[in-house]
1. Could you check segment 17-41 and list, in sequence order, the residues that are more than 22 Å from VAL218 (Cβ to Cβ) and open to solvent by 10 Å² or more (accessible area, probe 1.4 Å)?
2. Report whether or not THR236 is within 24 Å of ALA35 (Cα to Cα), surrounded by fewer than 21 Cβ atoms within 10 Å (Cβ to Cβ) and more than 16 Å from ligand 2 (Cβ to nearest atom).
3. Going by the conditions given, is GLY208 within 18 Å of the chain's Cα centre (by Cα) and at pLDDT 95 or above?
4. Among the numbered criteria (1) modelled with pLDDT of 95 or more; (2) open to solvent by 60 Å² or more (accessible area, probe 1.4 Å); (3) of a type in the set (Gly, Ala, Ser), which one does SER191 miss?
5. Anything in segment 207-233 that is out of contact with any Ser or Thr (no Cβ under 6 Å at 6 or more places or on another chain), under 20 Å from GLN26 (Cα atoms) and open to solvent by less than 40 Å² (accessible area, probe 1.4 Å)? List them, or say none.
6. Could you figure out which of (1) assigned to a loop (DSSP other than H, G, I, E, B); (2) within 14 Å of ligand 2 (Cβ to nearest atom); (3) open to solvent by less than 70 Å² (accessible area, probe 1.4 Å) isn't true of GLU132?
7. Just one of the numbered conditions (1) hydroxyl-bearing (Ser, Thr, Tyr); (2) touching a residue at least 60 places away in the same chain (Cβ under 8 Å); (3) closer than 27 Å to ALA84 by Cα is not true of SER261; which one?
8. Within segment 5-32, track down each residue that is of a type in the set (Val, Ile, Thr) and modelled with pLDDT under 95.
Amino acid sequence: MPLTGTGEIVTAAGTGRGVGAFNVIQLEHAQAIVAGAEAAGSPVVLQISENAVRYHGGLAPVGRAVLAVAAAAAVPTAVHLDHATSAELVREAVELGFSSVMFDASVLDYADNVRATAEVVAHCHAAGVWVEAELGEVGGKDGVHAPGARTDPAEAAAFVTATGVDALAVAVGTSHAMLTRDAALDFELISALREAVPVPLVLHGSSGVADDHLATAVRHGMTKINIATHLNQVFTTAVREVLAADERLVDTRRYLGAGRSAMAEEVTRLLGVLNTAPRGLSVSSL
Ligand code: G3H
Ligand code: ZN
């Protein structure tokens with residue numbers, strides 16, 4: 001199945017259905033996410049963050065590998081650049097054939113965020129690339145638990161109009177990189193944002209959200225659900241178990257393969273929670 005646009009997948013989901021957007025660091029992550037999505041029969045978004053690009057020392061090698069995994073998937077699969085703060089990295093992703101980017105200028109003040117994001121949108125839209133931006137910083141990436149940030153609905157609506165973004169990441173109680181799934185979401189705020197903002201809403205830091213709250217968030221109007229840390233937890237736990245059971249084990253396929261299988265199963269389960277089976281648009285019609 002050819003690579004699918006993130007915009008097509010998110011639009012097909014509509015309101016009340018979630019789209020799983022899962023982060024890739026190693027190739028095994030991409031394979032696990034696709035295998036899990038195929039088992040669920042659901043579209044999926046593979047995303048590579050600027051931090052992961054830094055780890056690999058560049059976007060092209062990991063980006064091309066992930067694009068190839070996505071293009072071979074049996075379900076609609078998109079490849080997205082996540083949390084890019086560099087407009088140059090965005091341009092590289094566009095050239096490589098990514099279907100979407102998230103430009104994250106959320107640490108800037110409102111006017112500077114609007115200016116920087118609008119420039120990125122102009123460049124991406126000229127190339128047919130879908131753009132997500134963030135307003136109201138979802139913290140936590142530096143190990144600081146910061147669940148207090150909130151996005152103002154009126155400001156969010158004005159931001160979308162001023163920048164032309166296709167989707168908006170909003171702060172509604174999550175925080176990145178949580179190892180426990182007990183974040184308290186502001187469902188009233190999600191409803192108010194859904195009402196005010198004319199583009200799909202994106203939930204970041206979703207690892208910290210329990211299954212039933214993820215489903216409730218989707219019902220209240222969140223669409224693209226970003227999950228990274230939780231899947232790494234599942235992957236690493238499986239790797240630890242295999243390594244602990246045999247200290248003579250050195251074949252990396254044996255333990256990375258166990259991590260990949262465990263992660264694939266969890267992706268399938270999460271996609272069930274997010275209720276991502278396409279409605280009105282079948283997997284085969286995308
Ligand atoms: O952009 C990626 C996500 O927001 C993932 O956050 O690692 O807390 O699930 P998480
Ligand atoms: Zn995020």
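1. Once the filter is applied, which keeps residues that are more than 22 Å from VAL218 (Cβ to Cβ) and open to solvent by 10 Å² or more (accessible area, probe 1.4 Å), segment 17-41 yields ILE25, GLN26, LEU27, GLU28, GLN31, ALA35.
2. So THR236 passes the test.
3. Spelling it out, GLY208 is indeed within 18 Å of the chain's Cα centre (by Cα) and at pLDDT 95 or above.
4. (2)
5. ALA228, LEU231
6. The number of the failed condition is (1).
7. (3)
8. Listed by number, the list holds a single entry, THR15.
The values are calculated or read from the model by the stated rules, or taken from the named source; none is laboratory data. What you see is a predicted model; the values in this text were computed from it and never measured. Reconstructed Cβ throughout: ideal geometry from the backbone, glycine too, with neighbour counts over all protein chains shown. Accessible surface areas use protein heavy atoms only, side chains included; no ligands, DNA or RNA. Shrake-Rupley method; radii C 1.70, N 1.55, O 1.52, S 1.80 Å.
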